[in-house]
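For reference, the structure discussed in these notes is given below.
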């Protein structure tokens, strides 16, 4: 998926809304795992300017399972000194690993 996306961006073709939402989700997962926004954008083959533009236009087009839940989970885990990592699943979606310190 990422290789296909890189080729589309490299050739200057317009992306479909579904492809843009997928890229936004991939960037969200990467930044949740600790990458900088610039690093996450580079990894999926885009730049921060496109991310900001796409977020304004497509930020409200959430796919089931994305949105405030990830933000809330990340903040809760961080508050308790834990770590949350997210991993993309090839057929869509993601899975998360939450590690909390023992009491």
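Brief remarks follow.
- Fewest-first ranking of 99, 43, using other Cβ atoms within 10 Å as the exposure measure: 99, 43
- Per-residue Cβ neighbour counts within 10 Å put 25, 53, 79 in the sequence 79, 53, 25, beginning with the fewest.
- Ordering 80, 51 by the number of other Cβ atoms within 10 Å of each residue's own Cβ, fewest first, gives 80, 51.
Any read-out appearing in this document is the output of simple, stated calculations on the displayed coordinates, not a laboratory observation. If you're wondering where the values come from, they're calculated on a predicted model, not measured in any experiment. Heads up, the Cβs are rebuilt from the backbone with ideal geometry, glycines too, and the neighbour counts pull from every protein chain shown.
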